[in-house]
């Protein structure tokens with residue numbers, strides 16, 4: 001029997017390890033004008049998009065995946081500086097020579113060499129158009145009266161992938177800026193108290209900007225069925241529930 005060259009064996013082994021690392025995560029495939037977009041639902045607020053041979057990681061944290069088994073990222077998006085969204089260890093593992101990190105000004109205090117986007121900024125990064133959308137609390141506050149996420153600190157991101165616009169909201173409530181969005185094909189909206197939104201807030205936002213597909217994420221112990229019920233009379237908005245629970249590697 002002819003033996004495989006060493007490099008081929010290593011490639012097969014590497015692919016198997018990556019497949020095992022992702023085995024705990026669901027994946028959806030979304031057709032676009034430029035090919036398929038693969039969405040990997042890693043857990044909590046952590047996602048990965050794969051398109052045209054490139055990977056975009058959103059808020060990667062080590063609690064959710066063993067990133068040492070994954071390829072280097074092409075783009076990493078960080079929504080804000082809280083520890084369940086910004087993990088320097090995961091960033092160090094995923095960053096390669098060509099990785100571009102997009103983050104907020106507050107995150108840049110911990111992570112060097114990134115591209116800072118302020119609310120409203122638009123930038124083309126590694127071939128993807130990325131718009132920063134304000135992410136903040138209107139209602140839910142700490143005992144001190146300070147919002148869990150003050151205005152101006154956090155970003156959501158609208159990423160253009162082929163002919164699709166994907167909105168990852170970050171930690172936020174149903175802000176006027178969110179409700180003013182247009183032509184969103186896919187939206188990820190957070191839904192857990194006291195930090196982000198109630199199902200009623202998510203439904204209110206969805207009715208306003210009408211994403212074609214809505215994924216609740218960062219849901220904690222929230223009863224996601226409540227959102228499905230609230231939007232049952234809006235068939236133009238497809239609510240897709242995927243497993244975004246904590247997944248220890």
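No lab work stands behind these numbers, since they all come straight from the coordinates. Keep in mind that this is a model prediction, so the values were computed, not measured. Cβ atoms come from the backbone with ideal geometry, glycine included; neighbour counts cover every protein chain shown.
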Checklist outcome for this item: The extension gain from residue 241 to residue 66, computed as 0.36 nm times the residue separation minus the Cα-Cα distance, is 60.6 nm
Item to check | Among 39, 130, 29: highest mean-square fluctuation, GNM of the chain, C-alpha pairs under 10 Å | outcome: 29
Checklist entry - Hey, rough spin-label estimate for residue 115 and residue 54, points 7 angstrom out along Cα→Cβ, what's it come to in nanometres? => result 0.8 nm
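Which percentage, to the nearest 5, of the DSSP beta bridges contained in the chain is antiparallel? Please report the intermediate quantities before stating the final value.
On the way: 35 of 53 bridges.
Taking every DSSP beta bridge within the chain, about 65 percent pair in antiparallel fashion.
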Checklist outcome for this item: Mean shadow area (nm²) of the C-alpha convex hull around the stretch 26-239 is 11.2 nm²
Checklist outcome for this item: Per the rule of 0.36 nm per residue minus the C-alpha distance, extending residue 140 to residue 177 adds in nm 11.6 nm
Checklist entry - So for the pair residue 123, residue 38, with labels modelled 7 Å out along Cα→Cβ, what separation do we get in nm? => result 2.7 nm
Next on the checklist: At a threshold of 8 angstrom on Cα-Cα distance, excluding pairs fewer than six apart, so keeping six or more, what relative contact order does the stretch 26-239 reach in percent?
Outcome noted: 13 percent
Checklist outcome for this item: Connecting every pair of Cα atoms under 10 Å apart in the chain and solving the GNM, the largest mean-square fluctuation among 201, 141, 191 falls on 141
Checklist outcome for this item: Here the convex hull volume per residue of the stretch 131-193, taken over Cα atoms and given in Å³, is 70 Å³
Next on the checklist: For a quick check, take a GNM of the chain with Cα springs below 10 Å and name the residue from 198, 106, 46 with the largest mean-square fluctuation.
Outcome noted: 106
Checklist entry - With each run of n ≥ 4 DSSP H residues scored as -39500 (n - 2.57), what mean residue ellipticity at 222 nm is computed for the chain after dividing by its residue count and rounding to the nearest 500 deg cm²/dmol? => result -5000 deg cm²/dmol
Item to check | Mean projected area (nm²) of the alpha-carbon convex hull when the stretch 37-108 is viewed from all directions | outcome: 4.5 nm²
Next on the checklist: Need the C-alpha centroid separation for the stretch 134-201 versus the stretch 65-116, integer Å.
Outcome noted: 20 Å
